[in-house]
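Heads up: the structure comes next, in structure tokens.
The values are calculated or read from the model by the stated rules, or taken from the named source; none is laboratory data. Note that this is a predicted model, so its numbers are computed, not measured. Glycine gets a Cβ as well: all are built from the backbone with ideal geometry, and neighbour counts include every protein chain shown.
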Amino acid sequence: MARSRLSRRELLKHAGLAGSVLVAVPGLGRLLRTSGAVLAAQRRTLSAAAFTTLHAMCARLIPTDEHGPGATEAHAAEYIDRALRGALGSSRADYTKGLAAVDAASRQQFAAPFAKLTSAQQDAVLTSIQDTPFFLLVRGHTLQGTFCDPIYGGNANFVGWDLVGYPGVRLAVTAAEQNMSTPATRQHISAYESGMFSRTGIDGD
């Protein structure tokens with residue numbers, strides 16, 4: 001990743017997502033009762049200020065640009081916030097401290113909180129911390145929230161799958177699809193709607 005800017009294309013390349021889908025962390029399903037987009041009225045795990053910073057970080061890690069939607073549209077920050085009450089609970093303290101540190105660094109460098117900075121200023125702050133454990137933590141979870149099966153609360157409206165060209169769960173493929181002479185038809189359904197996987201622990205506690 002170039003030091004001068006954070007590129008979505010480079011982020012996805014280094015994450016190995018050229019044509020694959022990142023699976024969500026095991027056990028996350030026990031946190032959720034519903035699939036699809038995150039409800040706007042849901043309660044937050046992080047404080048309002050911390051969530052605002054997280055949302056802005058995710059938006060810069062996988063930005064919305066001329067190539068299409070990014071982490072914002074995928075609801076990656078909401079995915080992380082919800083998961084911090086469950087499967088990612090062990091990282092909750094790291095997020096509380098880390099997000100406060102990001103804001104402190106932003107105020108020190110640019111006299112404003114991270115969410116209020118310009119895109120270039122935000123990139124400068126993120127570049128300065130990109131080798132830290134906290135940056136790598138947020139980066140990994142942002143990828144999860146953008147490309148996971150939507151049943152886990154991220155990848156809203158399948159924008160992540162569309163971004164990397166993943167057509168969705170395939171129970172069968174045509175001959176044309178096998179020899180790649182015809183693009184695979186997109187199927188916007190969760191893997192758990194196909195009957196291939198058990199929903200145990202996803203719809204219940």
Legend entry - Candidates Ala104, Ala112, filtered to the one that is out of contact with any Gly (no Cβ under 8 Å at 6 or more places or on another chain), surrounded by fewer than 22 Cβ atoms within 10 Å (Cβ to Cβ), small (Gly, Ala, Ser) and in a loop (DSSP other than H, G, I, E, B): Ala112
Inset, instruction - Taking the options Gln130, Gln121, Gln144, name whichever one is assigned by TED's automatic domain parsing to the domain that holds Met57 and surrounded by 20 or more Cβ atoms within 10 Å (Cβ to Cβ). - result: Gln144
Legend entry - Counted residues, segment 118-144 - those being more than 14 Å from Ile80 (Cα to Cα), in a helix (DSSP H, G or I) and among the β-branched types (Val, Ile, Thr): 3
